[in-house]
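Working notes, structure below.
The values are calculated or read from the model by the stated rules, or taken from the named source; none is laboratory data. Keep in mind that this is a model prediction, so the values were computed, not measured. In this analysis, Cβ positions are derived from the backbone assuming ideal geometry, glycine residues included, and neighbour counts consider all displayed protein chains.
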Amino acid sequence: MFIEMSYGKEVKILDISDKNVAKIINPNEKSGVKDPIKEVENSLKRPIGSPTLKEIIAKFNSPKIVIIVNDITRPVPYKWILPPLIEELKDVNPENIEFIVATGIHRHHTDAENRELFSEELVSKYHFSNHDCDNNLVNLGTLSGGTPLFVNKKAVEADIIIGTGMISLHYFAGFSGGRKSVLPGISGRETIMKNHSQMVAPNVKSGVIENNPVHKEMMEAAKKVGLTFILNVITNSKKEIVQVVSGDMEKAWFEGIKTCGDLYFCKLDKRYPVVFASAGGYPKDINVYQAQKALENASEATENGGTIVLLAECQEGFGEPTFEEWIKEANNISDIFSRLKAGFKLGGHKAYLNLVGIKLMLLQE
């Protein structure tokens, strides 16, 4: 049997004997919309639980607007999302519009990467800045769980904050998109660290938001910052847009996660001794730090003591220095446990997730 699996910007073909293939697990695939730009336009004209952007803008004399965009590790189809969004903002002085790349603790974008992701035209016309989790932050107090909320100063000073991105399953926030534009997207390192340190709590897992303290805190942070409006998409495995949701940060996002769940939840009757998994190709497998997320889902289908074979190109290597340090210096899983118990550290948390209960083989060229 020949099985195609995404790997970087290519496809790898596995040749496995039919007798050794117990099950092939795919998403509940839906076709992409015929005209994605028109779909975005229609959503912006009829936002969920919110006035239109034009109506929001009309309340201000000369509003300062921040548009939060995802970084290169997220395969957001901005070529379809941004043109209709900019059309909605055409009456605003371009000097009053700031694009902030929501890097969280990830590396900054280069100018060339911005031009590739967001287009030459937009980068030439508008100002783009990388969020810096260690500088130019404003302290907005403490969240209900005790986490201090430090947020990008430009966003705090804006009159209107628009979050863009994609809704997909997330291994400890439940789902991505919506409130994640703020936390971790444009939050300070201490805020992100305190929030992510709750990943070991009960109910913190992929597809779960009920009683999930990580999600709860992310939502609280977005409300406190004043995330005015979101524009999110749900895509299929071919990276085609299946649905567009825009409007109120909470109501629109909840509509989106329903569709995401329909696409990507899969019921299994049993677990298997060996599971071959793809991280989804570029940019989901741009480095080990990102590709690790695929292990979470694959582990749900793997029996105790089983093996996961992960196909991930990882052109940028490990992708995060602390993560790399913890992996390379650990002699066994107990070393990772000990480090995490001694003190939660961003980057190190991925090393913990990467090793706990999982036997991992990375196939690299």
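Which helices (runs of 4 or more DSSP H) does the range 288-353 wholly contain that include 3 or more residues that are modelled with pLDDT of 85 or more and crowded, with 21+ Cβ neighbours inside 10 Å? Spell out the reasoning first.
Numbers: elements: 288-299, 321-329, 333-342.
Result: 288-299.
For the range 207-215, the criterion of a residue being within 28 Å of ILE37 (Cα to Cα) and out of contact with any strand residue (DSSP E or B) (no Cβ under 6 Å at 6 or more places or on another chain) is satisfied by no position. Would you check if there is a residue in the range 202-210 being touching a Lys or Arg at 6+ places or on another chain (Cβ under 9 Å), in the same structural domain as PRO77 (by TED's automatic domain parsing) and at pLDDT 95 or above? Yes; the residues of the range 202-210 include at least one that is touching a Lys or Arg at 6+ places or on another chain (Cβ under 9 Å), in the same structural domain as PRO77 (by TED's automatic domain parsing) and at pLDDT 95 or above.
Taking (1) under 26 Å from GLY256 (Cα atoms); (2) at pLDDT 95 or above; (3) out of contact with any strand residue (DSSP E or B) (no Cβ under 6 Å at 6 or more places or on another chain) in turn, PRO94 satisfies each apart from (1).
Only one entry in SER62, SER129 is loosely packed, with under 13 Cβ neighbours inside 10 Å and either out of contact with any Ser or Thr (no Cβ under 9 Å at 6 or more places or on another chain) or at pLDDT 95 or above (or both), namely SER62.
If the condition is being among the acidic types (Asp, Glu) and within 23 Å of LEU183 (Cβ to Cβ), then the range 78-112 contributes only GLU98.
How many residues does the range 240-271 contain that are in a loop (DSSP other than H, G, I, E, B) and over 19 Å from ILE25 (Cβ atoms)? Of the residues in that region, 4 qualify. Number of residues in the range 115-152 that are charged (D, E, K, R), without any contact (Cβ under 8 Å) to a residue 40 or more places away in the chain and closer than 16 Å to GLY104 by Cβ: the value is 1. For the range 72-88, the condition holds for at least one residue, the condition being that it is over 30 Å from LYS293 (Cβ atoms) and either within 22 Å of the chain's Cα centre (by Cα) or surrounded by fewer than 17 Cβ atoms within 10 Å (Cβ to Cβ) (or both).
For LYS267, the conditions (1) within 16 Å of THR164 (Cβ to Cβ); (2) without any contact (Cβ under 8 Å) to a residue 60 or more places away in the chain are fulfilled apart from (1).
As a summary of the residue check, GLY280 satisfies the conditions (1) buried (at least 18 other Cβ atoms within 10 Å of the Cβ); (2) modelled with pLDDT of 90 or more; (3) on the phi > 0 side of the Ramachandran plot except for the one numbered (2).
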